[in-house]
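Trainee: To start, I am sharing the structure in question, which I have written as structure tokens.
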Amino acid sequence: MTDKSKMMCADKPNCISTLETRADFSAAPFTLNNPDTEIESIAQIAEQLKGAKIAVIKENYARIESTSTVFRFVDDLELRIEGNNLIVRSESRTGHSDFGVNKKRVEQLRAMLLEQNIISQ
């Protein structure tokens, strides 16, 4: 699977990214409190999201696959550390609309990372 963490979203309403400028596709930035934070620790927190499992971890990058309960659709949550920024991108592999699921997932991750004091508001 290709690393899409730094790619902009396509025009389908099933993707959200901290790098996007278009309102329907953008998420607020994630700023790390400690630049020495390792991607593994962030991925382990992300794996606590419903239906999530770590698929790939390599230098400063992680991809978490989230499988929906009913239809077993897979979404990719990609995380990349660049300096003190955490790039977050979540996209459905199939279908047109995700009914806001990816945005909800990104905001759940934000809440979890804030709670662990890994990112700041």
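The values are calculated or read from the model by the stated rules, or taken from the named source; none is laboratory data. The model shown is predicted, which means the values in this text are computed figures rather than measured ones. Reconstructed Cβ throughout: ideal geometry from the backbone, glycine too, with neighbour counts over all protein chains shown. Side chains included, ligands, DNA and RNA excluded: accessible areas come from the protein's heavy atoms. Shrake-Rupley method; radii C 1.70, N 1.55, O 1.52, S 1.80 Å.
Trainee: With a 1.4 Å probe and every protein chain kept in, tell me what percent of the accessible surface of the chain is carbon plus sulfur.
Mentor: 51 percent
Trainee: To the nearest 500 deg cm²/dmol, what mean residue ellipticity at 222 nm is calculated for the chain from DSSP H runs of n ≥ 4 alone, each contributing -39,500 (n - 2.57), summed and divided by the residues?
Mentor: -6000 deg cm²/dmol
Trainee: Give the relative contact order (percent, whole number) for the range 1-81; include only Cα pairs under 8 Å separated by 6+ residues.
Mentor: Averaging sequence separation for qualifying contacts and normalising by length gives 20 percent for the range 1-81.
Trainee: For semi-axes √(5λ) of the Cα gyration tensor in Å, several values are listed as (i) 43, 18, 14; (ii) 25, 16, 13; (iii) 21, 16, 13; flag the one computed from this structure.
Mentor: Among (i) 43, 18, 14; (ii) 25, 16, 13; (iii) 21, 16, 13, the one derived from this structure is (iii).
Trainee: How about the range 43-121: which chymotrypsin sites (Phe, Trp or Tyr not before Pro) there are in a DSSP loop, with at most 11 other Cβ atoms within 10 Å of their Cβ?
Mentor: In loop regions of the range 43-121 (DSSP not H, G, I, E or B), the sparsely surrounded chymotrypsin sites (Phe, Trp or Tyr not before Pro) are Phe71, Phe99.
Trainee: Suppose all protein chains stay in the model; what accessible area per residue would a 1.4 Å probe give for the chain, in Å²?
Mentor: Roughly 56 Å² per residue, with all protein chains present.
Trainee: To test your reading of the geometry: what angle, between 0 and 90 degrees and rounded to tens, separates the Cα axis of helix 101-115 from the longest principal axis of the chain?
Mentor: It is inclined by approximately 20 degrees.
Trainee: Leaving out ligands, DNA and RNA but keeping every protein chain, what accessible area does Ser41 have, in Å² rounded to the nearest 10, with a 1.4 Å probe?
Mentor: 50 Å²
Trainee: Give the aspartates and glutamates reachable from Lys53 as a straight Cα distance under 13 Å; neighbours fewer than 8 places away on the same chain don't count.
Mentor: In chain and number order, the partners are Glu40, Glu65, Asp75, Asp76, Glu78.
Trainee: Need the list of lysines near Lys58 for cross-linking: C-alpha distance under 19 angstrom, and skip anything on the same chain fewer than eight residues off.
Mentor: Result set, ordered by chain and number: Lys4, Lys6.
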